[in-house]
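The values are calculated or read from the model by the stated rules, or taken from the named source; none is laboratory data. Here the structure is a predicted model, which means the values were calculated and not measured. In this analysis, Cβ positions are derived from the backbone assuming ideal geometry, glycine residues included, and neighbour counts consider all displayed protein chains. What goes into the accessible areas is simple: the full protein's heavy atoms, side chains included, and nothing from ligands, DNA or RNA. Shrake-Rupley method; radii C 1.70, N 1.55, O 1.52, S 1.80 Å.
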Amino acid sequence: MTNNIQYWIYSSPVGKLLLAGDDNGLQKIQFEINISVDDNWQKNQSHFKQVIQQLDEYFAKQRTLFDLKLNPQGTDFQRQVWKQLQKIEYGKTKYYAEIANEINSPKAARAIGMANNKNPIPIIIPCHRVIGKNGSLTGFAGGLDVKQQLLSLEFSF
């Protein structure tokens, strides 16, 4: 991440979320259990006005699609996976193997899982919508209980 990082701690129904980014877009959302703020970051709520508004609407079941400037930091492969995750519709889930097939890497299901795990902007890049092939919930940075809450929110729309 660049040096001019702004941040804000957003209180959500799934706990506190760290929002961090710069003029190039939102770079990070961290769940309460993982929050870490660098000393050189600047606290600035107004920088995240649009993010906060859209998250509020999402949690109020008034928004099913985010329209924000994102700038996730990762490898080319990770960014390709994250872009594909954004195509998973609200209230739907996919398996890791499905994502692998969609990016023309049918043997990359494990790599998809690793990229999913490194997703720096959960909720907005909806890695919570990826589940195990047997229908089980699999790892999630915010914990499986938060993953279940997000899926329950979307499936009760």
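Kindly provide the helix-only [θ] at 222 nm of the chain, computed as the sum of -39,500 (n - 2.57) over DSSP H runs of four or more divided by all residues, to the nearest 500 deg cm²/dmol?
Rounded to the nearest 500, it is -9000 deg cm²/dmol.
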Q) What's the angle, to the nearest 10 degrees (0 to 90), between helix 76-85's Cα axis and the longest principal axis of the chain? A) 80 degrees
(Q) Let me cross-check E89: its accessible surface, 1.4 Å probe, with only protein heavy atoms counted, in Å² to the nearest 10? (A) 120 Å²
Q: Using a Gaussian network model of the chain whose springs link C-alpha atoms within less than 10 Å, name the residue from T64, T138, T75 with the highest mean-square fluctuation.
A: T75
Q: Could you tell me which of Q54, S105, Q86 has its Cα farthest along the dipole of the chain towards the positive end, charges placed at Cβ (Lys, Arg +1; Asp, Glu -1), taken about the Cα centre?
A: S105
**Q.** the chain: angle of helix 49-59 to the longest principal axis, Cα-based, in degrees nearest 10
**A.** 40 degrees
Q | Full-extension gain in nm, M114 to D76, via 0.36 nm per residue minus C-alpha separation | A | 12.3 nm
Q: Using only Cα atoms, find the angle between the long axis of helix 144-155 and the longest principal axis of the chain, and express it within 0 to 90 degrees, rounded to the nearest 10.
A: 80 degrees
Q: Using only protein heavy atoms and a 1.4 Å probe, report how much of S136 is accessible, in Å² to the nearest 10.
A: 50 Å²
**Q.** the chain - percent of accessible surface contributed by carbon and sulfur, probe 1.4 Å
**A.** 45 percent
Q) Given the Cα-Cα distance of D38 and Q148 and 0.36 nm per residue of separation, how much length would full extension add, in nm? A) 36.6 nm
Q) So what is the accessible area of the chain per residue, in Å², with the probe set to 1.4 Å? A) 54 Å²
(Q) Under a Cβ-only charge scheme (Lys and Arg +1, Asp and Glu -1), can you give me the dipole magnitude of segment 11-61 about the Cα centre, in debye to the nearest 20? (A) 180 debye
Q: Output the antiparallel fraction of DSSP beta bridges having both residues in segment 1-130, as a percent to the nearest 5.
A: 75 percent
Q: Please work out the ratio of the alpha-carbon Rg of the chain to 2.2 N^0.38 Å and round it to two decimals.
A: 1.01
Q. Applying 1/(1 + (r/R0)^6) with R0 = 22 Å to the Cβ-Cβ distance of E98 and F155, what FRET efficiency is obtained, to the nearest 0.05?
A. 0.75
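If R129, R79 are ordered by their accessible area, calculated over protein heavy atoms with a 1.4 Å probe, which sequence runs from highest to lowest?
In descending accessible area the options line up as R79, R129.
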Q: Rank these residues by their accessible area, most exposed first, probe 1.4 Å: I9, I88.
A: I9, I88
(Q) Probe radius 1.4 Å, ligands and nucleic acids left out: which of K16, K83 has the largest accessible area, and how do the rest follow? (A) K83, K16
